[in-house]
Amino acid sequence: DLNPLKVDTINAGRSPIVERGLDELIAAGVASGRLRATSDGEQAVLNSDMSMICVGTPSNANGSLDLSAVERVAESIGGAIGRKGTWHTVVVRSTMLPGSTEAHVIPLLEKHSGGKAGVDFGVSYNPEFLREGSSIEDFHRPPFTIIGGESERAVDDAAAPYAGLEGDLIRTSIQVAEMVKYVCNAYHALKVTFANEVGVIAAAHGVDSHQVMDIFCRDRKLNISTTYLRPGYAFGGSCLPKDLRALLYDARRNDVEVPVLSAILPSNDLHVARAYELVRATGARRIGVLGLSFKAGTDDLRESPLVALVERLIGRGYDVRVHDPNVSYANLHGANRAYIEQEIPHIVQILTDTPGQLLDHSEVVIVGNPDPAHAEVLRGLRDGQQVIDLVRLKGMEPMDPARYAGIAW
C-alpha cells in the first residue's frame, strides 16, 4: 500500500481499520513471519507468486467508475512481472463492470511486462462478497467462491488460497465473474427497497410489516428461492398483473409513493417490446408462434404476454400463425372462452391444428413457452428459417447463431 501509516500499522501487528477479529489475525500473521506490509510494489511482486488487486473503484459524477487506481496498479505490477521473468498470477478483486479486466487490466499488464496473458503470466477475476463488520465470518463461510480466468492455470492459482473453505468453488469466464458481483449487489439493494415499500403500504393499513415479511420469507419454494430468477419473457396470467395493479392503486389511495413496485409493469411491457424488435430486425413477415398461454401446460390466455406480442405483430401487418396444443377454441370453457370472445376473437383464425402447418407458414418461429414438445417441433426447421427463443428452450444451444436469437442471452 502507498499509505505509510497503513504499512507501519500492519507491520506493528495491528489492523488499520476497525473490524471484529482482525487485530488478532494480523498480530498472529506478523508474529509468525507470514505477513508483511510494504510500500514497494515491485519488491512485493518479485517476492511473491500472486498479486491481488484490491484498490477502490469510486464513482465519477456521472455514475461511471474511476478505474485510475486499478490502472496504476496494473502498470506497476506489469513492470515488475517484466523484470521478474517467471510466472506470476494477477487476481483482480476490485469491483468493475463486465469487460473491464479484459479492456483495462490485461492490456496494461501486457504493455508494461512485454509478455502475454496466459503465456507469461496469469490473470483472473475473483470478486469479494465480504460485509463490513462480519468479513472474517463471511470469508470462512461463503455461499460460494467465484473465479473467472483467461486460463485454467490462472484459475487454479487464484483458487489455492480458498482450499478447505465452505461453499462451492465456481470456475467461469472473467466477464461472468465481473457481472455476478453487480447482480448480487443490485439484488441486495432491490431487496432492501422492496421490503421498505411493502412496509410503507402495510403501515398505511396499520398492518405489522415485520410480521408480513417474516411470513413471506418462510416460503422457500417461490419467494426465497431460484424460482422466477431466470432471464426470459415477460410475466402475465390472471394473478400477477391484476394483483400488482391493485396494490399500486391502494398505495396511491393512501398517498404512498412506491417507485420500485410502480416500475414493474412498465418494465414488463418493455420486454414485450423487445420481443417485437427481435422479430422486426429479421425483416421477415410470416411469423409462427409456438405457445400462446402465459404458462406451458395451461390453457390460460388471460393477460398472456404472448397474446400481447401476437396482437402487436398483427397490428403491424405481420402474417402470424400460432400453435399451442393446450389452446383449442372448441375445447375452451368458462373464463378462457369468454376472454377470447370478448378480447381477442380474431386469434381463433390464426391457430393451426398441427405444428407442421405452423412451420410450413413461417419464416421466423417464436418459442413462446418452455413446452418440451417445442424442441421436437423445431427439429423440422427448413434451411433459412429463423428462431426467436423467449424462454431458453432446452436443446436449442447447438443452433447456428445466425438463425437463433434469445431475448436476454
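The values are calculated or read from the model by the stated rules, or taken from the named source; none is laboratory data. As the structure is a computational prediction, the values presented were derived from the model and not from experiment. Ideal geometry is used to build each Cβ from the backbone, glycine not excepted, and the neighbour counts take in all protein chains shown. What goes into the accessible areas is simple: the full protein's heavy atoms, side chains included, and nothing from ligands, DNA or RNA. Shrake-Rupley method; radii C 1.70, N 1.55, O 1.52, S 1.80 Å.
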Handout entry: Flag for Ile26 being within 37 Å of the chain's Cα centre (by Cα), hydrophobic (A, V, I, L, M, F, W, C) and either open to solvent by 60 Å² or more (accessible area, probe 1.4 Å) or at pLDDT below 95 (or both)
Key = no
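Residue-wise test of (1) in contact (Cβ under 8 Å) with a residue 24 or more places away in the chain; (2) of a type in the set (Val, Ile, Thr); (3) on the phi > 0 side of the Ramachandran plot.
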| position | (1), (2), (3) |
| --- | --- |
| Pro305 | yes, no, no |
| Asn326 | yes, no, no |
| Val348 | no, yes, no |
| Pro355 | yes, no, no |
| Ala373 | yes, no, no |
| Asp389 | no, no, no |
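Would you confirm, using the coordinates I've provided, whether Ser15 is touching a Leu at 6+ places or on another chain (Cβ under 8 Å), open to solvent by less than 30 Å² (accessible area, probe 1.4 Å) and more than 26 Å from Ala177 (Cβ to Cβ)?
Working: touching a Leu at 6+ places or on another chain (Cβ under 8 Å): yes; open to solvent by less than 30 Å² (accessible area, probe 1.4 Å): yes; more than 26 Å from Ala177 (Cβ to Cβ): yes.
Considered against the rule, which asks whether it is touching a Leu at 6+ places or on another chain (Cβ under 8 Å), open to solvent by less than 30 Å² (accessible area, probe 1.4 Å) and more than 26 Å from Ala177 (Cβ to Cβ), Ser15 comes out as yes.
List the helices (runs of 4 or more DSSP H) inside region 237-287, counting only whole elements, that have at least 1 residues being more than 30 Å from Ala202 (Cβ to Cβ).
Hits in region 237-287: 264-282.
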Fill in the blank from the handout: Going through (1) open to solvent by 50 Å² or more (accessible area, probe 1.4 Å); (2) without any contact (Cβ under 8 Å) to a residue 40 or more places away in the chain one by one, Gly56 fails only at (1)
Problem - Which numbered condition His374 misses (of (1) within 24 Å of Glu303 (Cβ to Cβ); (2) in a helix (DSSP H, G or I); (3) open to solvent by 40 Å² or more (accessible area, probe 1.4 Å); (4) not β-branched (Val, Ile, Thr)) - result: (3)
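Looking at Ala69, Ala80, Ala28, Ala61 in this structure, which one is among the hydrophobic types (A, V, I, L, M, F, W, C), touching a Pro at 6+ places or on another chain (Cβ under 9 Å) and either without any contact (Cβ under 8 Å) to a residue 24 or more places away in the chain or part of a helix (DSSP H, G or I) (or both)? Spell out the reasoning first.
On the way: Ala80 fails: touching a Pro at 6+ places or on another chain (Cβ under 9 Å); Ala28 fails: touching a Pro at 6+ places or on another chain (Cβ under 9 Å); Ala61 fails: touching a Pro at 6+ places or on another chain (Cβ under 9 Å).
On inspection, the qualifying residue turns out to be Ala69.
State which residue is nearest to Gly85 (Cα to Cα) when the search covers only region 46-58 and only residues that are of a type in the set (Ser, Thr, Tyr) and in a loop (DSSP other than H, G, I, E, B). Working first, answer last.
The initial filter retains those residues of region 46-58 that are of a type in the set (Ser, Thr, Tyr), namely 48, 51, 57.
Those left that are additionally in a loop (DSSP other than H, G, I, E, B): 48, 57.
Numbers: Ser48: 13, Thr57: 30 Å.
Filtering first and then ranking leaves Ser48.
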Practice task
Residues being within 20 Å of Leu108 (Cβ to Cβ) and of a type in the set (Phe, Trp, Tyr): count how many of those fall in region 119-177.
Solution key: 2
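Return the residues of region 306-345 that are assigned to a helix (DSSP H, G or I), among the aliphatic types (A, V, I, L, M) and at pLDDT below 90; say none if nothing qualifies. First the steps, then the outcome.
Step one: list which residues in region 306-345 are assigned to a helix (DSSP H, G or I), which gives 306-315, 329-331, 334-343, 345.
Retained after the next criterion (residues that are among the aliphatic types (A, V, I, L, M)): 306-310, 313-314, 330, 335, 338, 340.
Of everything in region 306-345, those that are assigned to a helix (DSSP H, G or I), among the aliphatic types (A, V, I, L, M) and at pLDDT below 90 turn out to be Ala330, Ala335, Ala338, Ile340.
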Fill in the blank from the handout: (1) part of a loop (DSSP other than H, G, I, E, B); (2) of a type in the set (Lys, Arg); (3) in contact with a Gly (Cβ under 6 Å, 6 or more places away or on another chain) all hold for Arg382 apart from (3)
